[in-house]
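First the structure, in the form of structure tokens, and then the observations on it.
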Amino acid sequence: MATSMIYVVDDDDLLRRTLGSLLENFGYTVCLCASAAEFLERYDPQPQECLILDIQMPAMNGLELQKVMNSRGITIPTIIMTGHGDISMAVSAMKVGARDFLEKPFNEEHLLSIIREILSRQSDTSADDAGDGIKKLSVLTPRELEIAHLICDGRQNKQIAADLGISSRTVENHRARIMQKLEVKTASQLIRLILAAGNRN
């Protein structure tokens, strides 16, 4: 039985090689690429595959690569790696097709759990996610839904507080209730659910 193929695209040589070793230790076949252009040159579609992509790279960044992939019909599930200041860009990448995002530095087990989920759900349809998202969002209050959409726009708690004229503490409380009601643990899961539901409208 063929192993799953994981592509790692990052211009940071040390991080790229570290991720490669980690993934190989867990039995995955790995292709390491130092640039978006190298990935496009080496990409070979596989039945079970995943792309781990850095958002900030020279020449062509992760968001630009995602758009090129869309134009070429490349549908490989993508995990975006982002620095703290790049959340809005990561959200933009999810809006054009990325599956999830991780903030650096990230927990290795968290990354592996996302990869396992992606590979296990690769045959699922986006409509399933959409239906699930619409059903779950219906339990939110209008204010919670408003804040959830602001989070999806990549807004930080302080920015949301300023936008709505409320305290950061109130935003944090709303955010905690939103995560609890929607049964999600991370911002990327919340954003994915909201985007899926929005795609259905």
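Some values worked out for this structure:
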{"read-out": "Which numbered condition Asn157 misses (of (1) within 21 Å of the chain's Cα centre (by Cα); (2) at pLDDT 90 or above; (3) farther than 30 Å from Ile6 by Cα)", "value": "(2)"}
{"read-out": "All positions within segment 15-61 that are in a loop (DSSP other than H, G, I, E, B) and within 19 Å of Gly83 (Cβ to Cβ)", "value": "Ala34, Ser35, Ile55, Gln56, Met57, Pro58, Ala59, Met60, Asn61"}
{"read-out": "Qualifying residue in segment 71-81 (condition: assigned to a loop (DSSP other than H, G, I, E, B) and out of contact with any helix residue (DSSP H, G or I) (no Cβ under 9 Å at 6 or more places or on another chain))", "value": "yes"}
{"read-out": "Selection count where residues are under 23 Å from Met94 (Cα atoms) and either without any contact (Cβ under 8 Å) to a residue 24 or more places away in the chain or in contact with a Cys (Cβ under 8 Å, 6 or more places away or on another chain) (or both), scope segment 173-185", "value": "5"}
{"read-out": "Among the candidates Ile194, Ile147, residue that is modelled with pLDDT of 90 or more, under 23 Å from Ala90 (Cα atoms) and among the β-branched types (Val, Ile, Thr)", "value": "Ile147"}
{"read-out": "Boolean, Leu164 is in the same structural domain as Leu137 (by TED's automatic domain parsing) and in contact (Cβ under 8 Å) with a residue 24 or more places away in the chain", "value": "no"}
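The values are calculated or read from the model by the stated rules, or taken from the named source; none is laboratory data. What you see is a predicted model; the values in this text were computed from it and never measured. Cβ coordinates were reconstructed from backbone atoms using ideal geometry, including for glycine residues, and neighbour counts include every protein chain displayed.
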